[in-house]
1. For segment 65-84, check the following and say yes or no: at least one residue is more than 16 Å from the chain's Cα centre (by Cα), surrounded by 11 or more Cβ atoms within 10 Å (Cβ to Cβ) and assigned to a strand (DSSP E or B).
2. Output the residues belonging to segment 1-16 that are closer than 18 Å to Ala140 by Cβ and assigned to a loop (DSSP other than H, G, I, E, B).
3. If you take the residues in segment 78-124 that are within 17 Å of Ser67 (Cα to Cα), polar (S, T, N, Q) and in contact with an Asp or Glu (Cβ under 9 Å, 6 or more places away or on another chain), which one is modelled with the highest pLDDT?
4. If you check Pro98 against the conditions, is it in a helix (DSSP H, G or I), of a type outside the set (D, E, K, R) and touching a Ser or Thr at 6+ places or on another chain (Cβ under 9 Å)?
5. Tell me, yes or no, whether segment 22-31 has at least one residue that is modelled with pLDDT under 95, surrounded by fewer than 13 Cβ atoms within 10 Å (Cβ to Cβ), under 21 Å from Gly134 (Cα atoms) and of a type outside the set (S, T, N, Q).
6. Quick one: Ser34 ticks every box in (1) closer than 16 Å to Gly134 by Cα; (2) among the small types (Gly, Ala, Ser); (3) touching a residue at least 60 places away in the same chain (Cβ under 8 Å) except a single one, so which number is it?
7. Restricting segment 44-64 to residues that are of a type in the set (A, V, I, L, M, F, W, C) and assigned to a strand (DSSP E or B), which is farthest from Asn114 (Cα to Cα)?
8. Quick check on my filter: what residues within segment 101-114 are in a loop (DSSP other than H, G, I, E, B) and either touching a Lys or Arg at 6+ places or on another chain (Cβ under 9 Å) or touching a residue at least 24 places away in the same chain (Cβ under 8 Å) (or both)?
Amino acid sequence: MSSPVAAHLDTVSVRADTTAVLPADCIDGLTDASLSETGDFVETNYLGGSGYKSRVQALKDTSADLSGHFMEGDAPQSVLRDARDTGSTVYVTFVFDPGAATGSKGKRIPMVVNSFDEKMTPGGVVEFSCKLLGNGAPVAV
(Lines give C-alpha, C1' and ligand atoms only; values in the text may rest on other atoms or scores of the structure.)
Protein backbone atom coordinates (compact mmCIF):
# COMPACT_ATOMS: atom_id res chain seq x y z
CA MET A 1 0.00 0.00 0.00
CA SER A 2 1.29 3.47 -0.83
CA SER A 3 1.96 6.10 1.79
CA PRO A 4 1.94 9.89 1.55
CA VAL A 5 5.18 11.75 0.87
CA ALA A 6 6.23 14.33 3.47
CA ALA A 7 6.60 17.89 2.19
CA HIS A 8 10.14 19.27 2.38
CA LEU A 9 9.87 23.01 1.71
CA ASP A 10 13.56 23.38 2.50
CA THR A 11 14.31 21.49 -0.72
CA VAL A 12 12.85 24.08 -3.14
CA SER A 13 15.83 25.90 -4.66
CA VAL A 14 16.43 28.67 -7.18
CA ARG A 15 19.53 29.37 -9.27
CA ALA A 16 20.25 31.73 -12.15
CA ASP A 17 22.11 28.93 -13.98
CA THR A 18 22.03 25.15 -14.41
CA THR A 19 24.87 24.45 -11.97
CA ALA A 20 24.10 21.83 -9.32
CA VAL A 21 22.04 23.12 -6.41
CA LEU A 22 23.87 24.11 -3.22
CA PRO A 23 22.30 24.39 0.26
CA ALA A 24 22.52 28.20 -0.06
CA ASP A 25 20.14 28.02 -3.06
CA CYS A 26 17.19 26.90 -0.92
CA ILE A 27 14.60 29.65 -0.54
CA ASP A 28 14.68 30.89 3.03
CA GLY A 29 11.31 31.69 4.65
CA LEU A 30 9.30 29.60 2.17
CA THR A 31 5.96 28.53 3.66
CA ASP A 32 4.08 27.29 0.58
CA ALA A 33 5.09 25.96 -2.82
CA SER A 34 3.03 24.46 -5.62
CA LEU A 35 3.97 23.05 -9.00
CA SER A 36 1.50 22.54 -11.83
CA GLU A 37 2.15 20.55 -14.98
CA THR A 38 -0.46 20.71 -17.72
CA GLY A 39 -0.92 19.62 -21.30
CA ASP A 40 -2.76 21.16 -24.23
CA PHE A 41 -4.96 18.80 -26.22
CA VAL A 42 -5.97 18.99 -29.87
CA GLU A 43 -9.13 17.38 -31.21
CA THR A 44 -8.54 14.69 -33.83
CA ASN A 45 -12.01 13.98 -35.20
CA TYR A 46 -12.49 12.45 -38.61
CA LEU A 47 -15.40 11.84 -40.96
CA GLY A 48 -16.99 8.45 -40.32
CA GLY A 49 -15.66 8.26 -36.77
CA SER A 50 -17.62 7.27 -33.69
CA GLY A 51 -19.24 10.68 -33.37
CA TYR A 52 -17.28 11.35 -30.18
CA LYS A 53 -14.37 13.71 -29.84
CA SER A 54 -10.91 12.23 -29.57
CA ARG A 55 -7.85 14.16 -28.47
CA VAL A 56 -4.09 13.98 -28.63
CA GLN A 57 -1.72 15.85 -26.33
CA ALA A 58 0.24 18.63 -27.97
CA LEU A 59 2.30 21.09 -25.90
CA LYS A 60 3.02 20.67 -22.18
CA ASP A 61 3.44 23.50 -19.70
CA THR A 62 4.55 24.10 -16.13
CA SER A 63 3.86 26.83 -13.61
CA ALA A 64 4.71 27.33 -9.95
CA ASP A 65 3.56 29.48 -7.05
CA LEU A 66 5.90 30.21 -4.15
CA SER A 67 5.10 32.19 -1.02
CA GLY A 68 6.49 32.82 2.41
CA HIS A 69 8.25 35.34 4.61
CA PHE A 70 10.24 38.05 2.85
CA MET A 71 13.84 37.57 3.95
CA GLU A 72 16.06 40.57 3.28
CA GLY A 73 19.42 39.41 1.98
CA ASP A 74 18.23 35.92 0.97
CA ALA A 75 20.09 35.17 -2.28
CA PRO A 76 17.40 32.92 -3.86
CA GLN A 77 14.70 35.55 -3.24
CA SER A 78 17.04 38.13 -4.82
CA VAL A 79 17.48 35.86 -7.87
CA LEU A 80 13.68 35.75 -8.25
CA ARG A 81 13.32 39.54 -7.95
CA ASP A 82 16.16 40.15 -10.41
CA ALA A 83 14.62 37.71 -12.91
CA ARG A 84 11.30 39.52 -12.58
CA ASP A 85 13.04 42.78 -13.52
CA THR A 86 15.17 41.39 -16.37
CA GLY A 87 12.94 38.66 -17.79
CA SER A 88 15.78 36.15 -17.51
CA THR A 89 15.32 32.43 -16.94
CA VAL A 90 15.80 30.94 -13.49
CA TYR A 91 16.12 27.25 -12.64
CA VAL A 92 13.77 26.09 -9.91
CA THR A 93 14.45 22.70 -8.34
CA PHE A 94 11.68 20.81 -6.54
CA VAL A 95 12.90 17.81 -4.52
CA PHE A 96 10.03 15.54 -3.53
CA ASP A 97 12.06 12.66 -2.10
CA PRO A 98 15.51 13.70 -0.79
CA GLY A 99 16.41 10.07 -0.02
CA ALA A 100 15.69 8.75 -3.52
CA ALA A 101 18.32 7.83 -6.08
CA THR A 102 19.67 10.53 -8.38
CA GLY A 103 17.23 11.03 -11.21
CA SER A 104 14.26 10.17 -8.98
CA LYS A 105 14.48 12.89 -6.30
CA GLY A 106 12.55 15.58 -8.13
CA LYS A 107 12.93 17.95 -11.07
CA ARG A 108 14.68 21.15 -12.13
CA ILE A 109 12.57 23.40 -14.34
CA PRO A 110 13.65 26.47 -16.34
CA MET A 111 11.15 29.21 -15.53
CA VAL A 112 10.49 32.92 -15.94
CA VAL A 113 9.16 35.06 -13.10
CA ASN A 114 5.71 36.36 -13.96
CA SER A 115 5.35 38.31 -10.71
CA PHE A 116 7.03 38.82 -7.35
CA ASP A 117 4.82 40.58 -4.80
CA GLU A 118 5.48 41.80 -1.28
CA LYS A 119 2.65 42.05 1.24
CA MET A 120 2.84 44.11 4.43
CA THR A 121 0.29 43.63 7.19
CA PRO A 122 0.48 45.99 10.19
CA GLY A 123 1.73 44.07 13.22
CA GLY A 124 2.88 41.18 11.04
CA VAL A 125 5.90 40.28 8.96
CA VAL A 126 6.48 41.12 5.32
CA GLU A 127 5.44 38.25 3.09
CA PHE A 128 6.19 37.50 -0.56
CA SER A 129 4.44 35.60 -3.30
CA CYS A 130 5.95 34.66 -6.63
CA LYS A 131 4.35 33.27 -9.77
CA LEU A 132 6.57 31.45 -12.27
CA LEU A 133 5.90 30.15 -15.78
CA GLY A 134 7.71 27.26 -17.40
CA ASN A 135 10.35 28.13 -19.98
CA GLY A 136 11.43 24.70 -21.17
CA ALA A 137 11.33 21.03 -20.29
CA PRO A 138 11.85 19.76 -16.72
CA VAL A 139 14.99 17.72 -16.01
CA ALA A 140 15.00 14.88 -13.47
CA VAL A 141 17.33 15.36 -10.51
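1. Yes.
2. Val5, His8
3. Of everything passing the filter in segment 78-124, Thr93 is modelled with the highest pLDDT.
4. When the stated conditions are applied, Pro98 does not pass them.
5. no
6. (3)
7. Val56
8. Within segment 101-114, Thr102, Gly103, Ser104, Lys105 qualify.
The values are calculated or read from the model by the stated rules, or taken from the named source; none is laboratory data. Since we're looking at a predicted model, the values are computed, not measured. Ideal geometry is used to build each Cβ from the backbone, glycine not excepted, and the neighbour counts take in all protein chains shown.
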